[in-house]
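Notes follow the structure.
The values are calculated or read from the model by the stated rules, or taken from the named source; none is laboratory data. Computed from a predicted structure; not experimentally measured. Methodologically, a virtual Cβ is constructed for each residue, glycine included, from the backbone with ideal geometry; neighbour enumeration extends over all protein chains shown. Side chains included, ligands, DNA and RNA excluded: accessible areas come from the protein's heavy atoms. Shrake-Rupley method; radii C 1.70, N 1.55, O 1.52, S 1.80 Å.
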2 protein chains.
Amino acid sequence: MTAAENNKPKRDTYRHGDLRNALIEAGLELARQGGPAAVVLRAATRQAGVAPNAAYRHFTDRNALLHAVSQAAMAHLARTMEAEQAALPPATDATAAARDRFRAVGTGYLRFAQEEPGLFRTAFHVPDDMAHAAADTAAGTTGKTPFELLGAALDGLVEAGILPEDRRPGAEFLAWSAVHGLAALLIDGPLRGLHPTQAHDAGRHVIDMIERGI
Amino acid sequence: MTAAENNKPKRDTYRHGDLRNALIEAGLELARQGGPAAVVLRAATRQAGVAPNAAYRHFTDRNALLHAVSQAAMAHLARTMEAEQAALPPATDATAAARDRFRAVGTGYLRFAQEEPGLFRTAFHVPDDMAHAAADTAAGTTGKTPFELLGAALDGLVEAGILPEDRRPGAEFLAWSAVHGLAALLIDGPLRGLHPTQAHDAGRHVIDMIERGI
DNA sequence: CACCCATTGTGTACGATGTCCACATTCGGA
DNA sequence: TCCGAATGTGGACATCGTACACAATGGGTG
């Protein structure tokens, strides 16, 4: 290399064409490696081969960009959960099927947390300014957000007669709490660095607890 | 005021005398208001009435300072949990007492998360560089870390015959997961802004689930 | 087809931050 | 008493987020 080392996709057109998505994509890569703090506006624009200020034509703020990246990460999570369910072997009966689908929600959640800790933290990052409404565009390929996937699985448990109807209300908060808490333990807390096999076992235990205690 | 508005404790001695603690204290206040991201080195030194670089005589890094603040926040959490147990009304029998003490661990944890969300997030903040060993100096007045407090309460359940001994191993991870997950839901997630009374109810439900499912 | 203006990028600049280096001040022990 | 180890200061630099003025572009209207 002489002086200019351009591995960046330098464009010849003045307009980028798809800058908004390019920035989100670059942000996702940064987040994957370093979590929410690594989503640096200038770095994203650099990756997109564009001046820093160009980002402001598509996001009001660094926070707005980070939020978009966060939503994209949440969508990744949803897809992982959907994939976990899709990979399920056929169950013996409808009851077992409902149960399997429920457990797959938790298993997929935990798998994503371990395989993509940076994206996971980014998905649940709370913006400094606070006050963001409910779910924006965090759905997977089925159009459901992670939370909605959990709700659907719980509904399945009720239909299958596994979960009494009077225990259904608010059940997603119980289940989500336990699984999310374990995820935090696994990627940041004292269970960090656990062997994947053991982590999987821990996941089984927590989901067992949920089934018993829900 | 004319030109110099010094509400800062300007000192006359060249040495500060207790800068390390002053910085941690300032950091705690910053964290209380804005979480880990708000722990800004220069702001802390400003508050301590000292030049930015003075901090480097006591912390190698901004990360080191943040870590110290995090440990201090964890100690706060421990004290809140201890206080929750101390405030317990006398139980009717030993079994009820063990149970009450166990539940107080979770209740205190959740109370701290809601009353001091900034400190709570800071306590569980994972440093960007990663690789920090186990618990440093995060103990409360009894000398126990939050995790150890939970372990002691679980031991109490076993002694009281409430929890079968073969279920004891790893039980702290189940309990901690569920409670921590709820805390995350309450301060960052979809349960944010819940009325304290409702939040307390949610806490009861989660702890019920733990008792049933552990 | 020509023109105009909304959209999209660029360049320059500013304040704030973390951190490095050289220097100043002080205190405690030899 | 004096000197070296602690401790604090000052200045400098790269990087970041972002504001402001300006340039290039392209699509709709005449």
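Using only protein heavy atoms and a 1.4 Å probe, how much accessible area in total is buried between B and A, to the nearest 100 Å²? What B and A bury together is about 2400 Å².
Simple spin-label estimate for B:D128 and A:A51 gives 2.7 nm between the two label positions (7 Å along the Cα-to-Cβ direction from each Cα).
Helix B:19-34 and the longest principal axis of the Cα set of chain B meet at an angle near 60°.
Taking B:H195, B:H180, B:H67 in turn, the Gaussian network model of chain B (Cα-Cα springs below 10 Å) assigns the largest fluctuation to B:H195.
Sorted from closest to farthest, the other copies place their A:D12 label points 7.5 nm away, with each point set 7 Å from Cα along Cα→Cβ. Sorted from nearest, the other copies put their B:V158 label points 3.9 nm away, the label point being 7 Å from Cα in the direction of Cβ.
Which residues, if any, in segment B:178-214 have at least 50 Å² less accessible area in the whole protein complex than in the isolated chain, probe 1.4 Å? Buried on complex formation: B:L185, B:R192, B:M209, B:R212, B:G213.
Taking 0.36 nm per residue of separation and subtracting the current Cα-Cα distance, fully stretching the chain between A:N63 and A:R42 would add 6.3 nm. When B:P90 is represented by a point 7 angstrom out along its Cα-to-C-beta vector, the spacings to that point in the other copies are 6.6 nm, nearest first. Would you mind telling me the share, in percent, of accessible area of the protein assembly as shown contributed by carbon and sulfur at probe 1.4 angstrom? Heavy-atom surface of the protein assembly as shown belonging to carbon and sulfur, 1.4 Å probe: 52 percent.
For segment B:1-105, trypsin sites (Lys or Arg not before Pro) meeting the loop criterion (DSSP other than H, G, I, E, B) and having at most 16 other Cβ atoms within 10 Å: B:K10, B:R11, B:R15. Taking the Cα centre of the protein assembly as shown as origin and assigning +1 to Lys and Arg Cβ atoms and -1 to Asp and Glu Cβ atoms, the resulting dipole is close to 1480 debye. Relative to the longest principal axis of the Cα atoms of chain A, the long axis of helix A:62-86 lies at roughly 40 degrees. Annotation: extensible slack from A:N21 through A:T142 equals 41.5 nm (criterion: 0.36 nm per residue apart, minus Cα-Cα distance).
The charge dipole of segment A:67-213, taken about the Cα centre with unit charges on the Cβ atoms of Lys, Arg (+1) and Asp, Glu (-1), comes to about 260 debye, rounded to the nearest 20.
Computed from Cα positions, the angle between helix A:94-115 and the longest principal axis of chain A comes to roughly 30 degrees. Over chain A, accessible surface divided per residue gives 51 Å², non-protein components excluded, 1.4 Å probe. Projecting the Cα atoms of B:H58, B:A78, B:G27 onto the dipole axis of segment B:1-121, where Lys and Arg carry +1 and Asp and Glu carry -1 at the beta carbon, places B:H58 farthest toward the positive end. Compare the Cα positions of B:A171, A:I162, A:L182 along the charge dipole of the protein assembly as shown (+1 at Cβ of Lys, Arg; -1 at Cβ of Asp, Glu; about the Cα centre) and return the one farthest towards the positive end. The residue sitting farthest along the positive end of the dipole is A:L182.
The fraction of all Cα pairs in chain A landing in successive 10 Å bins from 0 to the largest distance is 8, 29, 30, 19, 10, 4, 1, 0, given as whole percents.
Couplings 3J(HN,Hα) for segment A:159-176, derived from phi with the Karplus relation 6.51 cos²θ - 1.76 cosθ + 1.60 (θ = phi - 60°), are 4, 6, x, 7, 10, x, 4, 6, 9, 5, x, x, 5, 4, 6, 5, 5, 4 Hz, where x marks Gly and Pro.
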